[in-house]
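A.B. asks: The structure that follows is given in the form of structure tokens.
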Amino acid sequence: MSDKGGKGTVFVALFSGINVGGNRIVKMAELRSFFEGLGFSDVATYVQSGNVVFRAKKGTAAALTSQLEAAFEKKWGFNSRIMVRDAGWFEKLVKDNPYPEVAGEPTKLHAYTLEREPTIEETERLAEKCTGPERFEIKGDVLYLHAPDGLGKSVFANLIPRTLKVPGTARNWRSVLALVEMARKAGG
């Protein structure tokens, strides 16, 4: 998964706010070409919401995030917040899942990739709002959410961004596992 034979490191980029409700349309083939045009290799996308696995010869996740956000806005004319993490980070996310008993129901388990680790105060403020059937746990810059009735029916899920006030983007567990598998293949 790391730099095998000088080929670079495998990363995953998660886009927010593209291809939602027929707005800000970005075709995945165009997104793949965009990444390849920036010099990245082993580029693959997963579903339409903007998940890209790619290999970079150099650069940190933070540097790649800045590069991608600037180039994306220049090409498409609107901003998309992008979270870039390396493949090892995703492996740890799966290993650290606090709700392994619901991993078999991937539409009810979600992982939010957060821009930074929330403070204790931010986490406590969010906990006060969690009054329904949901439960959540934050580990570093990941918020795990178990929404037993699904994300679409979760009132609490809609409160997370404006209550926590830490930018992030959510993926269901099926997407998380698919991205980990794609990163493993790219790392081979």
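The values are calculated or read from the model by the stated rules, or taken from the named source; none is laboratory data. These figures come from a predicted structure and were not determined experimentally. Cβ atoms come from the backbone with ideal geometry, glycine included; neighbour counts cover every protein chain shown. With ligands, DNA and RNA removed, areas are computed over all heavy atoms of the protein, side chains included. Shrake-Rupley method; radii C 1.70, N 1.55, O 1.52, S 1.80 Å.
A.B. asks: Among the numbered criteria (1) part of a loop (DSSP other than H, G, I, E, B); (2) within 23 Å of Pro161 (Cα to Cα); (3) without any contact (Cβ under 8 Å) to a residue 24 or more places away in the chain, which one does Gly39 miss?
C.D. replies: (2)
A.B. asks: May I pose another question? Taking Ala103, is it modelled with pLDDT of 95 or more and either under 24 Å from Ala178 (Cα atoms) or out of contact with any Asp or Glu (no Cβ under 9 Å at 6 or more places or on another chain) (or both)?
C.D. replies: Answer is no for this residue.
A.B. asks: Out of segment 28-68, which residues are of a type in the set (D, E, K, R), more than 15 Å from Val12 (Cβ to Cβ) and either at pLDDT 95 or above or open to solvent by less than 70 Å² (accessible area, probe 1.4 Å) (or both)?
C.D. replies: Glu36
A.B. asks: Exactly one condition in (1) under 16 Å from the mean Cα position of the chain (by Cα); (2) open to solvent by less than 80 Å² (accessible area, probe 1.4 Å) is not met by Tyr99; state its number.
C.D. replies: Condition (1) is where Tyr99 drops out.
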